[in-house]
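K.L.:
Please find one structure pasted underneath; my questions will follow.
The values are calculated or read from the model by the stated rules, or taken from the named source; none is laboratory data. None of the values given here were measured: they were computed from a predicted structure. Cβ placement follows ideal geometry from the backbone for every residue including glycine, while neighbour counts extend to all protein chains displayed.
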Amino acid sequence: MKITPTAIPDVRIVEPVVFGDERGFFLESFNRRALAQAGLDRDFVQDNHSRSRRGVLRGLHYQIPRAQGKLVRILSGEIYDVAVDLRRSSPSFGRWVGVSLSAENKRMLWIPEGFAHGFLVLSEFAEVFYKVTEYYAPQCERSLLWNDPDLAIAWPACGDPILSEKDRQGARLNQAEVYD
C-alpha cells in the first residue's frame with residue numbers, strides 16, 4: 001500500500017497495490033500490518049455501507065465524545081470526500097481537505113478521530129464503504145454545516161445538493177462542539 005499525507009498530514013490517501021489482467025483485478029482493501037507500519041494502527045469495530053444518487057451530500061458528521069476514525073473507500077461511482085479538523089489544539093483546526101475517490105481510482109481516505117466527515121456524490125450513484133474505529137452512537141452524533149462560510153469548502157458544482165434535515169441544520173464551526 002502507498003500512503004500519502006494530504007494538506008492536513010493526519011488525513012492520508014491510501015492507495016492499494018492493484019493486480020490486473022484480462023480477467024479483471026485484485027487488491028487488498030485492508031491490511032492491518034501495512035497500515036500499522038504507516039502509523040495507522042487502529043482497531044476497526046464496524047463497517048458501514050451507503051448508496052446514494054448524484055447530488056446527495058452526506059455530512060459533515062462526527063461524534064463527541066466517541067470520536068470515529070474512518071477508512072473510506074468507494075465500491076462504485078465517484079464522490080468528493082471532505083474531512084474538517086475539529087481538534088482545537090491542532091495547528092490545522094478549522095481547515096479542511098477534499099479528495100476525489102472513485103471505484104476507478106481505487107483510492108481510500110483515512111480520516112482520523114477528531115475530524116468531521118462528509119461527501120458529495122458526483123456520479124449517477126455511488127456506493128461508499130467505510131471502516132470505523134468506534135461504534136455508531138446516536139446520542140453522540142453531531143453535524144457541522146456543510147456550507148459554513150467560515151470553512152469555505154470548495155464543493156464541486158452540482159446545483160443544490162440533496163440533504164437530510166439533520167445536515168440542513170448543522171452547526172457552524174464557531175458554534176459547534178469540538179474536540180480539545
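K.L.:
Please determine whether any residue of region 136-153 is farther than 18 Å from residue 77 by Cβ and of a type in the set (Ser, Thr, Tyr).
P.N.:
Looking only at region 136-153, we keep the residues that are farther than 18 Å from residue 77 by Cβ, and these are 136-153.
Checking the rest, the ones that are also of a type in the set (Ser, Thr, Tyr) come to 136, 143.
For region 136-153, residues farther than 18 Å from residue 77 by Cβ and of a type in the set (Ser, Thr, Tyr): present.
Conditions (1) among the β-branched types (Val, Ile, Thr); (2) more than 17 Å from the chain's Cα centre (by Cα); (3) within 30 Å of residue 25 (Cα to Cα), marked per residue:
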{"residue": "87", "(1), (2), (3)": "no, no, no"}
{"residue": "93", "(1), (2), (3)": "no, no, no"}
{"residue": "111", "(1), (2), (3)": "yes, no, yes"}
{"residue": "124", "(1), (2), (3)": "no, yes, yes"}
{"residue": "162", "(1), (2), (3)": "yes, yes, no"}
{"residue": "166", "(1), (2), (3)": "no, yes, no"}
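K.L.:
Looking only at region 31-71, filter to residues that are part of a helix (DSSP H, G or I) and of a type outside the set (Lys, Arg); which one of those is farthest from residue 132 (Cα to Cα)?
P.N.:
Of the residues in region 31-71, the ones part of a helix (DSSP H, G or I) are 32-37.
After this cut, where a residue has to be of a type outside the set (Lys, Arg) as well, the list is 34-37.
Working: 34: 17, 35: 14, 36: 15, 37: 19 Å.
Filtering region 31-71 for residues that are part of a helix (DSSP H, G or I) and of a type outside the set (Lys, Arg), the one farthest from residue 132 (Cα to Cα) comes out as 37.
K.L.:
Can I ask one more? Looking at (1) within 14 Å of residue 9 (Cα to Cα); (2) touching a strand residue (DSSP E or B) at 6+ places or on another chain (Cβ under 8 Å), which is the one condition that is false for residue 78?
P.N.:
Of (1) within 14 Å of residue 9 (Cα to Cα); (2) touching a strand residue (DSSP E or B) at 6+ places or on another chain (Cβ under 8 Å), only one is false for residue 78: (1).
K.L.:
If the Cβ limit is 9 Å and pairs must be 6+ apart or interchain, which residue in region 160-173 that is at negative phi pairs with which residue that is at pLDDT below 95 and not in a loop (DSSP other than H, G, I, E, B)?
P.N.:
167/59; 170/59
K.L.:
Still on this structure: Looking at region 46-66, I want the residues that are over 13 Å from residue 162 (Cα atoms) and at pLDDT 95 or above and have a partner that is among the small types (Gly, Ala, Ser) and part of a strand (DSSP E or B) with Cβ atoms under 7 Å, at least 6 apart or on another chain. Which pairs are those?
P.N.:
Once the first residue is over 13 Å from residue 162 (Cα atoms) and at pLDDT 95 or above and sits in region 46-66, its partners that are among the small types (Gly, Ala, Ser) and part of a strand (DSSP E or B) give 60/116; 60/118; 60/143; 61/116; 61/118; 61/143; 62/116.
K.L.:
So the check is Cβ under 7 Å with 6+ separation or different chains; which pairs have a first residue in region 122-133 that's within 16 Å of residue 106 (Cβ to Cβ) and at pLDDT 95 or above and a second one that's surrounded by 17 or more Cβ atoms within 10 Å (Cβ to Cβ) and of a type in the set (Gly, Ala, Ser)?
P.N.:
123/77; 126/52; 126/77; 127/77
K.L.:
Please determine, by comparing only the residues of region 150-164 that are of a type in the set (A, V, I, L, M, F, W, C) and at pLDDT 95 or above, which one is farthest from residue 54 (Cα to Cα).
P.N.:
As a first pass, look at region 150-164 and keep what is of a type in the set (A, V, I, L, M, F, W, C): 151-155, 157-158, 162-163.
Those left that are additionally at pLDDT 95 or above: 151-155, 162-163.
Numbers: 151: 23, 152: 22, 153: 19, 154: 17, 155: 13, 162: 9, 163: 12 Å.
My answer is 151.
K.L.:
Return the residues of region 2-26 that are touching a residue at least 12 places away in the same chain (Cβ under 8 Å), closer than 23 Å to residue 69 by Cβ and touching a strand residue (DSSP E or B) at 6+ places or on another chain (Cβ under 6 Å); say none if nothing qualifies.
P.N.:
Once the filter is applied, which keeps residues that are touching a residue at least 12 places away in the same chain (Cβ under 8 Å), closer than 23 Å to residue 69 by Cβ and touching a strand residue (DSSP E or B) at 6+ places or on another chain (Cβ under 6 Å), region 2-26 yields 2, 3, 6, 7, 8, 11, 12, 13, 14, 15, 16.
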